[in-house]
């Protein structure tokens, strides 16, 4: 009888111990709601925690706006009117010119551009009772840097206009052929150019129409010297630069 009571007492104690240990065991493996199993050590140094390729939030905003509304390349065709100043304007007639351009955009404001232009100019003048007729062909390459003005804070009607200024260098060559001679006179010169322009986007900014006005300062060989034709002095000096007005039709990429 005593053994039975002792065994019953032991079983009761074992059951009590089991009831006390089971919740602790379950709590270790099944945490209550709202308790994190593992927590990060925020005091530890993480070299990538605050990494950002942008120095300021405004830089990040500008890049996001550029990828959304900007363009990377522009391929354009242009045509316009070219004329000369000073005495060259009196000898060579104004005439159309045409060409093509390729522009690369660094961001919404700055771009670099490479272009090619060509065109023919007739000349017809009398000198020392002798008539001279022929054609002058002027062509060349140009490299420009363009800056677009910020139009985001203007009225809605002007926000779609993209005015800009540009400047760069140009390499021009000219070929002159007289109707009374078989040969062609050739020469070339380096020059500088600057101008203003504007663009009007069309087709949801996939294309644009532009207008430009530029001045090209070029010093061809023989400028400032007396013009000599067929060994005869003419008492005339051919001086002058170039003025161009042109329209552009561009494709944006």
(message) Test of understanding: ordering 133, 82 by Cβ neighbours within 10 Å, fewest first, what list do you get?
(response) 133, 82
(request) Within 10 Å of each residue's Cβ, count the other Cβ atoms and sort 248, 228 from fewest upward. (result) 228, 248
(message) Can you sort 123, 84 from fewest to most other Cβ atoms within 10 Å of each residue's own Cβ?
(response) 123, 84
(request) Taking 7 Å along the Cα-to-C-beta vector as the label spot, tell me the residue 186-residue 143 distance in nanometres, rounded to one decimal. (result) 2.3
(message) Quick check: from the Cα gyration tensor, does the stretch 72-252 come out rounded (a/c under 1.5), prolate or oblate?
(response) prolate
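Values in this text are rule-based calculations from the coordinates and carry no lab data. These numbers were taken from a predicted model, which means no experiment stands behind them. Neighbour counts run over all protein chains shown; Cβ positions are idealised from the backbone, glycine included.
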